[in-house]
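Structure, as structure tokens:
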Amino acid sequence: MTDELDEFALEQQAVEQIRGSRERIQVELSKAIIGQKEVVEQLLISLFAGGHCLITGAPGLAKTLLVRSIAQVFDLKFQRIQFTPDLMPADITGTEILEQTSDGHRKMTFVKGPIFGNMILADEINRTPPKTQAALLEAMQEHQVTIAGVRYPLEEPFFVLATQNPIEMEGTYPLPEAQLDRFMFNVLIDYLPEDDEVAVVQQTTSRRSEPITSLFSGADVRRFHQVVQKVPIAENVVRYAVRLAAASRPGQATTPGFVNDWVSWGAGTRAAQYAVLGAKARVLLQGRSHVTVDDIRALVAPTLRHRILVGYRAEAEGISVDHVISRLLETIEPPK
């Protein structure tokens, strides 16, 4: 009984810690990042929910700076891996080397690769061949790597934020849909409004930015994951998330006509799981106590964006994935 009370007290403490941290996190991040509030919110939600993110945006939009800044706020070990066509799996996971000991004997010693961190920025993941992509995705799923038959657990918490450059597609290896499905969100980073861009130029050319203060620890983040899962949600809200994902699948009895016309492949069950989990994290970050339909709707686009494959007809008509998602939100009635 005492252990249960202690656990409950820790959970309540974590809830209050999350509720009171939103403004403090924004203050610290604003020392390095200007604007991009929606992007920051989605990355924080994935962090609190324990999911990985795919970040899509043109070069020069401070993706690396953003991820590094978030890692500093949460006092997480940050590692950046630049993906290139000649990158091998061992360059990520690490490898065994032959080492001579002080007594003259030789032994194989495992040297850890850059995957052994808390927050991994996989820069331009579509630049590297599938074999190397698979090594990263295995680590994302299993939170471990296997070298010469020996399993090495990764440090917890463990997050991968992979970037894709949507401009240059020559010489790239796009991730298959089954691998894209491992990412919780696909976050789009766009150019800043003029006022924000002016502020960035002024800040970065006039003085050094203030150092970011760590507000949490890795242990706090692991505790947040447990608390997020316990946020209450009504069954009809879960059902709404499931219906949105199911409606994106062509050829089903309840599929809208525009989906059959435009979509080649729809979202699986994992989409609804991540939408619900992300909505729970969003609730805590905003200081509320239960999930609403609006929380699900706010996260539908980043959750479904990389899980829906549009067909040739949609491409010919200039229909984007985001347009399909907007139509889904208009078509699927939310619960009363």
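Out of Ala253, Ala199, I need the residue that is more than 18 Å from Glu177 (Cα to Cα), at pLDDT below 90 and in the same structural domain as Asn118 (by TED's automatic domain parsing). Which one? The conditions single out Ala199. State yes or no: is Ile70 of a type in the set (A, V, I, L, M, F, W, C), in contact with a strand residue (DSSP E or B) (Cβ under 8 Å, 6 or more places away or on another chain) and touching a residue at least 40 places away in the same chain (Cβ under 8 Å)? Yes; evaluated as a whole, the condition is true for this residue. Residues considered: Phe258, Phe216. Of these, the only one that is among the aromatic types (Phe, Trp, Tyr) and either more than 30 Å from Arg19 (Cβ to Cβ) or part of a helix (DSSP H, G or I) (or both) is Phe258.
Test Arg80 against the criterion of being without any contact (Cβ under 8 Å) to a residue 60 or more places away in the chain, assigned to a strand (DSSP E or B) and of a type in the set (D, E, K, R), and give yes or no. Yes. Filtered by the rule that a residue be at pLDDT below 95, under 30 Å from Gln17 (Cβ atoms) and of a type in the set (Ser, Thr, Tyr), region 261-302 gives Ser289, Thr292. Out of curiosity, is Pro153 closer than 30 Å to Thr172 by Cβ and at pLDDT 90 or above? So Pro153 fails the test. Residue check: Ala162 meets all listed conditions (1) within 26 Å of Val310 (Cα to Cα); (2) part of a helix (DSSP H, G or I); (3) of a type in the set (A, V, I, L, M); (4) touching a residue at least 24 places away in the same chain (Cβ under 8 Å) but one, namely (2). Scanning region 262-286 for residues that are within 15 Å of Val321 (Cβ to Cβ), part of a loop (DSSP other than H, G, I, E, B) and within 19 Å of the chain's Cα centre (by Cα) returns a single hit, Ala267. Test Ala134 against the stated conditions and say whether it is of a type outside the set (D, E, K, R) and surrounded by fewer than 16 Cβ atoms within 10 Å (Cβ to Cβ). For Ala134, the condition - of a type outside the set (D, E, K, R) and surrounded by fewer than 16 Cβ atoms within 10 Å (Cβ to Cβ) - is met. Can you find, within region 26-68, the residue that is nearest to Arg305 (Cα to Cα) among those that are of a type in the set (Ser, Thr, Tyr) and surrounded by fewer than 21 Cβ atoms within 10 Å (Cβ to Cβ)? Of everything passing the filter in region 26-68, Thr56 is nearest to Arg305 (Cα to Cα). Report, by residue number, each residue of region 107-121 that is aliphatic (A, V, I, L, M) and out of contact with any Phe, Trp or Tyr (no Cβ under 6 Å at 6 or more places or on another chain). Across region 107-121, the qualifying residues are Met108, Val111, Ile115, Ile120, Leu121. Determine, yes or no, whether Gly257 is on the phi > 0 side of the Ramachandran plot and surrounded by fewer than 16 Cβ atoms within 10 Å (Cβ to Cβ). No: the conditions fail for Gly257. If you go through region 287-322 and keep only what is touching a strand residue (DSSP E or B) at 6+ places or on another chain (Cβ under 9 Å), in a helix (DSSP H, G or I) and surrounded by fewer than 22 Cβ atoms within 10 Å (Cβ to Cβ), you end up with Ala301, Tyr312, Ala314, Val321, Asp322. One residue stands out among those in region 83-118 that are touching a residue at least 40 places away in the same chain (Cβ under 8 Å) and in contact with a Leu (Cβ under 9 Å, 6 or more places away or on another chain): the one that is surrounded by the fewest Cβ atoms within 10 Å (Cβ to Cβ), which is Met108. Of the strands (runs of 3 or more DSSP E) contained entirely in region 86-136, those carrying at least 2 residues that are under 22 Å from Leu66 (Cβ atoms) and assigned by TED's automatic domain parsing to the domain that holds Ile70 fall at 119-123.
The values are calculated or read from the model by the stated rules, or taken from the named source; none is laboratory data. This structure is a prediction, so every number in the text was calculated from the model and none was measured. We place every Cβ from the backbone using ideal geometry, glycine too, and count neighbours over all the protein chains shown.
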